[in-house]
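> Supplied in structure tokens, the structure appears directly below.
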């Protein structure tokens, strides 16, 4: 009996210690650490909002977004910064170019100085001084891995292999897939034309389908059916992940909720499909029947070549898991960003027919009635200027984040570890101090002399699509996105060349700001009228 009582007392003591430890961790996480970080940032002279337990400014952000979306956008307006990112927009205007907001117990320092943004991105890539945000490792594995989540040596190895797979000569071999996709799209539109020679088109799902088909063909070629299935699953993964972004519950992604169970089931199916495709390719390569006409083939071939050239080792430098991660990322990086940019480009051109006419004239002058080719796309200056300006007004990625893992100095300010640096791409692109008073106007001519001279004083353009110049897909943007960006940039120029040559777009009705404001509820409809002389 005495031993039983002693055992119970011991369990009680141990339970009390565990409870005290958990209570201390919660106190440290939700109160003590934020207070220390807030004092350190104020001591450096940074201004911003004060921390409020436990969600910080998260509720305010939701309220501001809901209020912004409750009002329709002014017709033909490109002033979207306050609508899409009202919390960041208000913080910059109230507290300055470098200001502090809180999401949960984490301070986010907004850096709207382009020079500081470039310094952060450069140090993140080269030296690892600023790290990418850490999501739960199992959550990243379920959704997408790849180049953008790696750090240090692994990032360097993957980047080298992927760059080898996407040399311009190799990229040319993927262009027939883009031609087929855009040709099929135009064929569907032409078949469904009304008796008046026109039809209304909801460009968002059309561009999603075009992007998905192009990515699937470019990635897997002969395994197109499996590729399309992977695209649909990954699209669902994005939708679920977006719905979970506003949840600030520690450990939520580990709970057996319906969304978490669905994400896991989708991940298992995607990995099974990818393993099957990769295994078939590996068998074919061993039998001397390698096919490097698509992304997977190029990636596997580049991996083998790099391994054989690296110190005599015959072991590939990327495992099957690594390749699966890169393919998942290829879908993720290309799906929403490319389809949104294509849709917005068509919308903006329909709003500004004079630039649509100039782009069409250029496409017809360069290609005539022939199929586009990669050499010709290098000469599409007007189309490139249009794409740059659309990327400026409606960047697919509106902000980036990096974290300090040790005390760091940046721009004369010392940041303690545990701070998130928010790089507000959209706010920078809509800053009149950088672009002039016409910042919210569609003026592609600002890029006539290139990116470096488009803005005042310092380059302030962060396309984040993976190509420093859409006419030169072999180049990476500062901190670019690797393989998906190269193919996406080429697809954009390619698709627009075909569309410009065969269709005249006129805005019939536009509602909402799909893509740029992360909203998915509104439709954008175009009136399409085909040229009689083409």
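> Tally time: how many residues in segment 32-76 are assigned to a helix (DSSP H, G or I), touching a strand residue (DSSP E or B) at 6+ places or on another chain (Cβ under 6 Å) and under 18 Å from residue 93 (Cβ atoms)? Full working, then the answer.
Narrowing segment 32-76 to residues assigned to a helix (DSSP H, G or I): 32-43, 58-69.
Okay, now just the ones that are also touching a strand residue (DSSP E or B) at 6+ places or on another chain (Cβ under 6 Å), so 37, 41, 58.
Of the ones still in play, those that are also under 18 Å from residue 93 (Cβ atoms) are none.
Final tally of qualifying residues: 0.
> Now, a different point. Would you mind listing the strands (runs of 3 or more DSSP E) fully within segment 376-492 where at least 1 residues are touching a strand residue (DSSP E or B) at 6+ places or on another chain (Cβ under 8 Å), on the phi > 0 side of the Ramachandran plot and modelled with pLDDT of 75 or more?
Values: elements: 400-404, 408-410, 413-415, 420-423.
Answer list for segment 376-492: none.
> If you don't mind, there's one more thing I want to ask. Given the criterion more than 30 Å from residue 408 (Cα to Cα), surrounded by fewer than 19 Cβ atoms within 10 Å (Cβ to Cβ) and modelled with pLDDT under 95, identify the matching residue among 6, 58. Lay out the reasoning, then the answer.
On the way: 58 fails: more than 30 Å from residue 408 (Cα to Cα).
None of the other options fit; the residue is 6.
> Something else: Just to be sure, is residue 308 over 29 Å from the mean Cα position of the chain (by Cα), farther than 18 Å from residue 237 by Cβ, at pLDDT below 80 and part of a helix (DSSP H, G or I)? Quick ask: steps written out before the conclusion?
On the way: over 29 Å from the mean Cα position of the chain (by Cα): yes; farther than 18 Å from residue 237 by Cβ: yes; at pLDDT below 80: yes; part of a helix (DSSP H, G or I): yes.
Considered against the rule, which asks whether it is over 29 Å from the mean Cα position of the chain (by Cα), farther than 18 Å from residue 237 by Cβ, at pLDDT below 80 and part of a helix (DSSP H, G or I), residue 308 comes out as yes.
> Among the residues of segment 61-79, what is the count of those that are surrounded by fewer than 20 Cβ atoms within 10 Å (Cβ to Cβ) and either closer than 23 Å to residue 443 by Cα or not assigned by the TED database to the domain that holds residue 403 (or both)?
Total meeting the criteria: 6.
The values are calculated or read from the model by the stated rules, or taken from the named source; none is laboratory data. Here the structure is a predicted model, which means the values were calculated and not measured. Backbone-built Cβ (ideal geometry, glycine too); neighbour counts: all protein chains shown.
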